[in-house]
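Values quoted throughout were computed directly from the atomic coordinates according to the rules given, and no laboratory measurement underlies them. Computed from a prediction, not measured in an experiment: that's the story for all the values here. Quick reminder, even Gly has a Cβ in these numbers, built from the backbone with ideal geometry, and neighbours come from all protein chains shown.
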Amino acid sequence: MNKTVTINLSGFVFHINEDAYSALQAYLNEISNYIAQQEGAEEMLADIESRIAELLQTAMGQNRQVVDMNDVNRIREVLGNPADFATEGSAPNSEATEQTHYEKIKKRLFRNPDDQVLGGVCSGLGAYLDVDTTWVRLAMVLLVSAAGLSIWVYLVLWLVIPIATTAADRYAMRGEPGNLENIMKNFQEEAKEFGKRQKQNMPRYQEMGQSVLNPTFKLMGVIVGAFLLLLGIGLLAAFLMSLLGIGIASGNTWMSNWRSAIVQSSDSYVMAICAYILLVGIPIAMLIYAALKLMLRINYRNRWLNASLSLIWLIGLGMAMYVSGTTLMQFKDDARIRETSKYAVNDTISIKMNNRSAIYDGPEMDEEGGHTGGYFFTERDNKNYIMGMMELIIVPADNDSLSVTILRTANGSDSREANRNAKGIEYTYTANNKGLLLDDVFIFPGRQFRMQEVEVRVSIPIGTVVSFDRNCRPFIDEAENVSHVWPGKVAGRRWLMTSGGLKCIDCQGLESEEEINVQDKDGKVLINKKGIYVDDENAKVSIDANGIRVVEKERVEKKANKEDEK
Amino acid sequence: MLNSENAQAQMRKGVLELCVLSVLKNGDAYPSQIIEALRETKLVVVEGTLYPLLTRLKNTGLLAYRWEESTSGPPRKYYRLTPEGIKYLQELQTAWHDLVLTVNKTIQ
C-alpha cells in the first residue's frame with residue numbers, strides 16, 4: 001500500500017505516489033536551477049510542466065490512475081537530464097548554477113510556522129544552521145534538564161526572531177532561490193492539499209500528533225515525553241547495572257553459587273540471561289523510543305519494528321517460562337526420610353552443638369541467640385559446599401528413653417531423585433548416656449540445592465534434667481518451655497523436663513514474665529497478664545489491651561479513684 | 001586521451017538552431033514533433049534541449065507560437081517561423097553550405 005499525493009500540473013490533476021512525487025519535485029527543482037538565469041525561465045517552466053502533464057495524461061489510460069516511479073523515469077527519458085536544459089551562456093554545469101544561486105540568496109533566520117512545538121524557534125534554527133530540527137530540539141530539551149538555561153534562550157529567541165509569514169520568507173529561511181517561487185508555490189499548495197487529504201483519511205492518532213496545532217497539547221506532549229525519557233534512561237541505567245552485576249557474578253560469588261546450585265545446566269543459565277535481557281530490555285527500549293517520538297513530535301510509525309519487537313519479547317517470555325518451568329520441575333516431588341534412635345540416659349544429660357559450621361568456615365552464629373537460619377556457601381579444599389542449618393525441636397518423651405529423630409527432606413524431579421537428594425544429606429550426631437553432641441549444620445556434597453532440610457526432634461523423658469551448652473543458643477529459640485523465660489536464655493542453664501515442656505531450675509531472676517494472677521477475696525478485683533478488672537456495685541472497669549472501659553451500673557462517679565486504689 | 005564525444009556534442013549543439021528552424025520551415029510543430037523530426041539526425045534525443053532554444057528564438061522574434069487544443073492533455077504550443085525567422089534561416093543556410101565546403105576542403 002502506498003500513499004498518494006494529488007498534484008496539479010497545468011490544470012490537470014494527477015494522483016502520484018509519494019516517492020514518485022518527491023522524485024518529480026526534485027527533478028523540477030533541478031531543472032529550474034539550470035534555467036533560472038535564462039530569459040523567460042518562468043514561461044519555460046510552464047511549458048515543461050505542461051509537457052509533463054501531457055506525458056502523464058497519455059500514460060494514464062483507463063486502467064491506471066496513479067503516477068508511479070516508472071512514469072517519472074519515462075518523463076526523464078523524454079525530457080532529458082536537467083543538465084540538458086542548460087545553454088552555453090547560462091549555466092554550463094550544475095555546481096556553478098547552485099553556487100551562483102546560493103550566493104545570491106542569503107539565508108535569514110525566521111521562526112518556522114509550519115513546524116512548531118511552541119514558537120517554531122527550533123525548526124527555524126535548524127533551517128538556518130542546516131541541521132535536522134530533531135537535533136536542535138533534542139539539544140534544547142537536554143539543555144533544559146542540564147541547567148534550565150535554554151528556557152530563557154528559547155524565550156528570548158521567540159521574542160526576537162520574526163516568524164516566516166510569506167512564502168518568500170520561507171524560501172529565505174531555507175536559503176532557497178526566490179526566483180523559483182512560482183514552481184515552489186505550486187508544490188507548496190499541492191503539499192497542503194496533500195495534508196488536507198491526509199487529515200480526512202487518516203485515523204485519529206495521526207491527527208492528534210500532526211495536525212492539531214494546539215500549543216498546549218504540544219507542550220504537554222513535550223513535557224510528558226521528557227519525563228518518560230528521564231524515566232527510561234533511569235531504568236536503562238539500572239538495567240545495565242544489573243547486567244553488569246550478572247556478568248561479574250561469573251566468579252565465586254553469591255549469584256554464581258546460587259546459579260550453579262539451582263540451575264541444572266549452563267545452557268539454561270544462558271537462556272535465563274537472554275530471557276532477562278529481552279523481557280526487561282525491550283520494554284525499556286520501547287519506552288525511550290516512544291518518549292523521543294512524543295518529545296520530538298516524530299509521527300513515524302514503524303509497524304514492522306513494533307511487531308518484530310513484540311515477537312522477540314514473546315520469545316523472551318517463552319524462554320523465561322521454559323527455564324523457570326524446567327527449573328521448577330526439578331523441585332516437583334519431595335521425599336522424607338525419618339530415622340529414629342533410642343538411648344538409655346542418666347537423670348541428667350547435656351546437649352551440645354558440634355560446630356561444623358566453624359570447621360567449614362561458615363558464618364558465625366549470632367551470639368545473642370538469633371537463629372540466622374537458611375543456607376550458606378562455604379569452600380573447603382577448593383570445593384564448594386552448600387551448608388544448611390538444622391532445626392532442633394525438643395519435646396517431652398512419652399517413655400523412659402531419650403529418642404532422636406532425624407528427618408531429612410528434599411525435593412527432586414521425581415520421587416526417586418528426591419529420595420536420592422534426601423539421602424545425599426550428610427548429617428551426624430553422637431549420643432551416649434550423658435547426652436547428645438549434635439552437628440549444627442548439614443551438607444549435601446555433589447548434589448544441587450533441592451530444598452534439603454534436616455529436622456532433629458529430641459524427645460526427653462519427663463523428670464530428666466537437661467543442661468544446654470551455650471553454643472545451643474541459635475537453635476533453641478523455638479524450644480517450648482513452661483518457665484516463660486526468653487528463649488535465648490535457655491542456653492547455658494539447667495532445665496527440668498516436665499509434661500508441659502522444659503522448666504528452668506536455675507533461672508531465678510531471669511523470669512521476665514512470671515505468671516501473674518492476683519485476686520481479692522471477694523472476687524471483685526482481678527489482676528492478671530491480660531489486665532486489671534474491677535467489678536464494683538456501681539460500675540465495671542477494665543484496663544487491658546482494649547483500652548480503659550467503664551460500664552456504669554447506677555451512678556456516674558468516682559471511677560478514677562477506684563482505679564487508683566488498685 | 002581526450003574524448004571526442006564532447007566535441008561531437010558541441011558540433012551538434014552548434015547546428016541545432018539551424019536544424020530546428022529548418023524543421024519549422026516545413027510546417028508548424030510543437031516540441032515533441034520537432035524532436036521526432038530531428039531524432040534521425042541524432043542531433044537531439046531529449047526535449048529538454050529544445051525548450052531553452054525555442055524560448056530564446058521566440059523571445060528574439062524569430063519564432064512565434066499559437067495555442068492548439070489537444071485531446072491528450074493541456075493545450076500545445078505550435079511554433080512557426082516569423083518573416084524574420086525565415087530571413088535568419090536563409091542566412092544560416094548560406095553560412096552552413098560555405099562552412100561545409102571549406103571544412104571539407106580543409107580536412108581532405
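Kirkwood-type hydrodynamic radius, the stretch B:32-72: 11.6 Å, calculated from all non-identical alpha-carbon pairs. The local environment of B:Asn6, defined by Cβ-Cβ distances under 12 Å, has a net charge of +1 under the rule Lys, Arg +1 and Asp, Glu -1.
Suppose R0 equals 56 Å; then what is the FRET efficiency for B:Arg66 and A:Met220 from their Cβ-Cβ distance, rounded to the nearest 0.05? Once the sixth-power term is evaluated, E becomes 0.35. Once the Cα-Cα distance is subtracted from the 0.36 nm per residue extended length, the A:Asp414 to A:Ala139 segment shows a gain of 92.9 nm.
Label-to-label distance for A:Ile273 and A:Ser324 is 2.0 nm, based on points extended 7 Å past Cα in the beta-carbon direction.
Look at B:Thr71, B:Thr82 and count the other Cβ atoms within 10 Å of each Cβ; fewest to most, that gives B:Thr71, B:Thr82.
Counting neighbouring Cβ atoms within 10 Å and putting the fewest first, the residues A:Trp304, A:Trp313 line up as A:Trp304, A:Trp313. The calculated FRET efficiency for the pair A:Ala307 and A:Trp258, based on their C-beta separation and a Förster distance of 25 Å, comes to about 0.10.
Cα-based radius of gyration for chain B, normalised by 2.2 N^0.38 Å, reads 1.19.
Within 10 Å of the Cβ of each residue in A:47-59, the mean number of Cβ atoms contributed by other protein chains is 5.
In the stretch B:13-107, Cα pairs under 8 Å separated by at least six residues give a relative contact order of 29 percent. Ordered by the number of other Cβ atoms lying within 10 Å of each residue's own Cβ, fewest first, A:Leu278, B:Leu16 fall into the sequence B:Leu16, A:Leu278. Inter-chain Cβ neighbour count for A:2-9, averaged per residue, equals 0 (cutoff 10 Å, partner chain atoms only).
Here the sum of -39500 (n - 2.57) over DSSP H runs of 4 or more residues, divided by the residues of chain B, equals -20500 deg cm²/dmol at 222 nm, to the nearest 500. Extension gain, A:Glu77-A:Ala285: 0.36 nm per intervening residue step, less the Cα-Cα distance, totals 70.2 nm.
From most to least packed by mean Cβ count within 10 Å, the peptides A:1-7, A:544-550 give A:1-7, A:544-550. The length gained on full extension between A:Glu391 and A:Lys524, counted as 0.36 nm times the residue separation minus their Cα-Cα distance, comes to 43.2 nm.
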